[in-house]
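**Q** What follows is a single structure, and I will ask about it in a moment.
Taken together, the values in this text are just the output of simple stated rules run on the coordinates, not laboratory data. For clarity, every value in this text was computed on a predicted model and none was experimentally measured. Glycine also receives a Cβ, built like all others from the backbone with ideal geometry; neighbour counts cover every protein chain displayed.
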Amino acid sequence: MKSFWTVILLLTSNVFMTFAWYGHLKLQEMKISTGWPVILVILFSWGLAFFEYCAQVPANRIGFNGNGGPFSIMQLKVIQEAISLTVFTIIVTFMFKGESLQWNHIAAFICLILAVFFVFLK
């Protein structure tokens, strides 16, 4: 169950992270935040990032083998990166209509899957 909760929390964390890092661009595109000073955009992103950390920190604590979890730090990081790019791609593909999935993006995902495979080899 620790593996399951680690992955669920990492997914949650990365949804908030993607919106914290790129959501303000969508707000600008929608003409909601075009007049905002950059400090307000930063505070908006920090507010979302708070919820990212509320999921990321417990995910790492639950998942880390030093705390009785199933993953090494290296495995946690590679899992997080694979989840991050997957979540990013899904959100950006639906939110930003000018962005499309290209062959090289798929090739990069294959490399990420291979990275996850290799990090779990003994």
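**Q** Return a single number: how many Lys pairs in the chain, at a sequence separation of 8 or more or on separate chains, have alpha-carbon atoms below 21 angstrom apart.
**A** 5
**Q** Just how large is the dipole of the chain about the Cα centre, in debye to the nearest 20, putting +1 at every Lys and Arg Cβ and -1 at every Asp and Glu Cβ?
**A** 180 debye
**Q** Can you find, among ALA49, HIS105, ALA59, the residue sitting farthest towards the positive end of the charge dipole of the chain, where Lys and Arg contribute +1 and Asp and Glu -1 at Cβ?
**A** Projecting each Cα onto the dipole axis, the largest value belongs to ALA59.
**Q** Highest mean first, how do 17-24, 33-40, 64-71 rank when packing is the count of other Cβ atoms within 10 Å averaged over residues?
**A** Listed from highest to lowest mean packing, they are 17-24, 64-71, 33-40.
**Q** Related question: For n ≥ 4 DSSP H runs only, could you compute -39500 (n - 2.57) per run for the chain, divide by its residues and tell me the 222 nm figure to the nearest 500?
**A** So the calculated ellipticity at 222 nm is -27000 deg cm²/dmol.
**Q** While we're here: Relative contact order (percent) for the stretch 33-104, with alpha-carbon contacts under 8 angstrom and 6 or more residues of separation?
**A** 11 percent
**Q** Based on the mean of other beta carbon atoms within 10 Å per residue, what is the order of 45-58, 91-104, most packed first? Let's see the in-between values first.
**A** Working: 45-58: 15.4, 91-104: 11.3.
The peptides rank, most packed first, as 45-58, 91-104.
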